[in-house]
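Enquirer: This is the structure, below, for whatever I ask next.
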């Protein structure tokens, strides 16, 4: 049986430890996230940096959660014990312009990056900064389906917002396309046709379906998985949202779960 909750006390594990998660997903009281960010977690990319959200309020109304967040956690990479904005910008540029655009090489690049991270003691730090905007999310819980309604206001225009829906990478380590079992994607890959991520151990699959994209928004959907040591261990779906203004209202999608016969 699947159950759902959200909390600003759970800060995750792995490289993203310290960040508030989105909606938490449990199967028979077992948390299915591992290093994943949960459902509906957001990150803003602007001025060469990435900023994450902090949960400011949670209101539960019957079968819904109403969540307000502020975008106030800046990702800064630490190298050999020293936080470096310069190195952070280089990594951000490489991730956006090399890693994300070379889908066939992502698995190899991830392994190389994990090795270099260990050699140079590279760690992610999340620094408190002044707010770059607000995100309001409503989760409506249905029968094995989550309806998500998201509104965002930012301080600047021309931003890129990532809406992440990530569960555990060692749990959901297979894919399903056209009812056929496939290997899971590596890194982030654009979605070209309907697909699901699948957990053989839980006989469970999930997918993302967009239901409303605001007129001032351009959305690109990805699915992906990263698994490296104990630091990267997620599998999920992501919306990459480009907005031609500083805000948009009521971006909607659903996350659907289904039982799959073993």
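Enquirer: Quick check: Cα centre of the stretch 121-172 to Cα centre of the stretch 1-70, how many Å?
Expert: 7 Å
Enquirer: Ranked by Cβ crowding within 10 angstrom, fewest neighbours first, how are 136, 225, 193, 21 ordered? Walk me through the numbers before you get to the answer.
Expert: Details: 136 17, 225 29, 193 6, 21 24.
Ranked by crowding around the Cβ, least crowded first: 193, 136, 21, 225.
Enquirer: Let me ask you something else. Would you mind telling me which residue in 171, 71, 209 has the biggest mean-square fluctuation in a Gaussian network model of the chain, where springs connect alpha carbons within a distance under 10 angstrom?
Expert: Comparing 171, 71, 209 in a Gaussian network model of the chain, the most mobile one is 209.
Enquirer: Computed FRET efficiency, Cβ-Cβ of residue 4 and residue 90, R0 30 Å: what is it to the nearest 0.05? Each step should come with its number before you reach the end.
Expert: Details: r = 38 Å, r/R0 = 1.27.
Taking R0 as 30 Å, the efficiency between residue 4 and residue 90 is 0.20.
Enquirer: To continue, here is another question. What nm value, rounded to one decimal, do you get for the distance between residue 192 and residue 179 when each label is placed 7 Å out toward the C-beta?
Expert: 2.2 nm
Enquirer: Got a sec? Which residues in the stretch 4-31 would a label at residue 60 touch, if it sits 7 Å along Cα→Cβ and we count backbone N under 11 Å?
Expert: What the label zone holds, given the 11 Å backbone N cut-off, is 4-7.
Enquirer: Highest GNM mean-square fluctuation, the chain, Cα pairs closer than 10 Å: which of 177, 146, 137?
Expert: 177
Enquirer: Assign one of three labels to the chain, namely rounded, prolate or oblate, based on the Cα gyration tensor with a ≥ b ≥ c the square roots of its eigenvalues; rounded applies when a/c is under 1.5, prolate when it is not and a/b is larger than b/c, and oblate otherwise.
Expert: Rounded, because the longest to shortest axis ratio a/c is under 1.5.
Enquirer: Taking only C-alpha pairs under 8 Å that are 6+ residues apart, what is the relative contact order of the stretch 172-262 in percent? Mind dumping the intermediate values first?
Expert: On the way: 172 pairs, mean separation 28.4, N = 91.
The value is 31 percent.
Enquirer: Identify which of 208, 75, 181 has the largest mean-square fluctuation in a Gaussian network model of the chain, with springs joining Cα atoms closer than 10 Å.
Expert: The residue that fluctuates most here is 181.
Enquirer: With an 8 Å cut-off on Cα pairs and a minimum separation of 6 or more residues, tell me the relative contact order of the chain in percent.
Expert: Values: 645 pairs, mean separation 53.6, N = 262.
The normalised contact order for the chain reaches 20 percent.
Enquirer: A follow-up question, please. Shape call for the stretch 158-200 from the C-alpha gyration tensor, a ≥ b ≥ c root eigenvalues: rounded (a/c under 1.5), prolate (a/b greater than b/c) or oblate? Let's see the in-between values first.
Expert: Numbers: a/c = 2.69, a/b = 1.58, b/c = 1.70.
Oblate shape, in that a/c is at least 1.5 and b/c is the bigger or equal ratio.
Enquirer: Now, a different point. Which whole-number percentage describes the relative contact order of the stretch 47-97, with Cα contacts under 8 Å and a sequence gap of 6 or more? Mind showing how you got there, number by number?
Expert: Numbers: 61 pairs, mean separation 17.7, N = 51.
35 percent.
Enquirer: Using a ≥ b ≥ c from the Cα gyration tensor of the stretch 119-262 (square roots of the eigenvalues), is it rounded, prolate or oblate, where a/c under 1.5 gives rounded and otherwise the larger of a/b and b/c decides, a/b for prolate? Write out the running numbers ahead of the final one.
Expert: Working: a/c = 2.02, a/b = 1.29, b/c = 1.57.
Oblate shape, in that a/c is at least 1.5 and b/c is the bigger or equal ratio.
We did not get these values from a lab; they are worked out from the coordinates using the rules stated. Fair warning: this is a prediction, and the values are worked out from it, not measured in the lab. Neighbour counts run over all protein chains shown; Cβ positions are idealised from the backbone, glycine included.
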